[in-house]
1. Net charge near Asp71: determine it from the other residues with C-beta under 9 Å of the C-beta of Asp71, scoring Lys and Arg +1 and Asp and Glu -1.
2. What's the local net charge at Lys196, with K and R +1, D and E -1, over the other residues with C-beta under 12 Å away?
3. Would you mind checking the tilt of helix 127-142 against the longest principal axis of the Cα atoms of the chain, expressed as 0 to 90 degrees and rounded to 10?
4. So what's the net charge close to Lys25: Lys and Arg +1, Asp and Glu -1, counting the other residues with Cβ under 14 Å from its Cβ?
5. Would you mind giving the three semi-axes, in whole Å and largest first, of the ellipsoid equivalent to the chain according to its Cα gyration tensor?
6. Counting pairs of alpha carbon atoms under 8 Å apart in space and at least six apart in sequence, what relative contact order in percent does the stretch 42-120 give?
7. Phe84: accessible area at probe 1.4 Å, nearest 10 Å²?
8. Divide by every residue of the chain the summed helix terms, -39500 (n - 2.57) for each DSSP H run of at least 4, and state the resulting mean residue ellipticity at 222 nm, rounded to the nearest 500 deg cm²/dmol.
Amino acid sequence: ENLLNEAALLAARKNLKVITMAEIKEANYKVMMGPEKKSRVISDKEKRLTAYHEAGHAIAVRLVSTTMKVDRVTIIPSGRAGGFTSYKPDEDRQYTTKAQLIEQIIVSLGGRAAEELMLGEISTGAASDLKHANNIARNMITKYGMSEKLGNLIFGDENDEIFIGRDFGHTRNYSEEVAAEIDKEVKRIIDTAYEKTLNILRENINKLHKIAEVLLEKEKIEGAEFEEIFANA
């Protein structure tokens with residue numbers, strides 16, 4: 001309801017008699033990410049960092065993901081984000097494989113890796129990406145039995161939760177030794193994925209530069225234009 005209301009407002013501003021998919025797409029971003037904050041003053045240094053960060057995500061999606069394609073890359077602040085890379089699945093899926101979860105981790109780490117490669121430092125802008133990547137890796141070990149060392153075992157049970165919505169309320173059903181092993185496995189997954197991400201961006205450094213350059217100039221790139229830039233860079 002909220003989505004179509006926003007789309008109707010956008011259509012009205014354009015003096016359209018019908019709501020098209022273009023308005024629905026814009027409304028979707030507004031509802032999900034918050035309104036664009038074009039008036040926010042951003043320094044050139046921060047803008048450059050954001051451009052490379054988002055370009056890193058986009059290239060990771062394009063080269064690694066077997067299920068997703070880039071829909072939009074922007075460095076215009078919206079909601080609490082300084083910019084974002086949106087990608088969508090090529091088809092509906094009910095299950096996710098281990099390889100696809102690794103792909104998601106690599107995509108999440110793309111921004112941080114680009115910052116490190118291009119600017120020689122990392123920022124707090126990658127905080128939510130890191131949280132997402134770590135959550136996926138930990139779930140792989142504790143929920144999905146995808147650990148090479150721990151095998152077909154799962155650890156912890158949502159039914160053991162004492163305080164709803166609070167992780168510290170869980171009753172742990174495994175030893176300190178196993179907990180340490182889980183941490184090692186999570187670190188191994190994240191570290192391996194990060195090295196792959198760095199290598200992918202190093203091998204496609206010209207594309208990274210070009211996409212960041214276009215973002216600094218135009219601030220927003222749609223999926224079809226991204227594909228064109230990627231192919232010609």
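1. Values: positive: Lys25, Lys69, Arg72, Lys88; negative: Glu222.
That works out to +3.
2. On the way: positive: Arg202; negative: Glu103, Asp191, Glu195, Glu203.
Counting the neighbours of Lys196, the net charge comes to -3.
3. Compared with the principal axis, the helix lies near 40 degrees.
4. On the way: positive: Lys14, Lys30, Arg72, Lys88, Lys220; negative: Glu6, Glu23, Glu26, Glu36, Asp71, Glu222.
Its environment carries a net charge of -1.
5. Working: eigenvalues 235, 110, 57 Å².
Largest first, the chain gives 34, 23, 17 Å.
6. On the way: 101 pairs, mean separation 31.7, N = 79.
In percent, rounded to a whole number, it is 40.
7. 30
8. Working: 8 runs with 136 residues, N = 233.
Helices in the chain give a 222 nm mean residue ellipticity of -19500 deg cm²/dmol.
The values are calculated or read from the model by the stated rules, or taken from the named source; none is laboratory data. All values derive from a computational prediction rather than experimental measurement. All Cβ positions, glycine included, derive from the backbone under ideal geometry; neighbour counts span all protein chains shown. Surface areas here come from the heavy atoms of the whole protein model, side chains and all, with no ligands, DNA or RNA. Shrake-Rupley method; radii C 1.70, N 1.55, O 1.52, S 1.80 Å.
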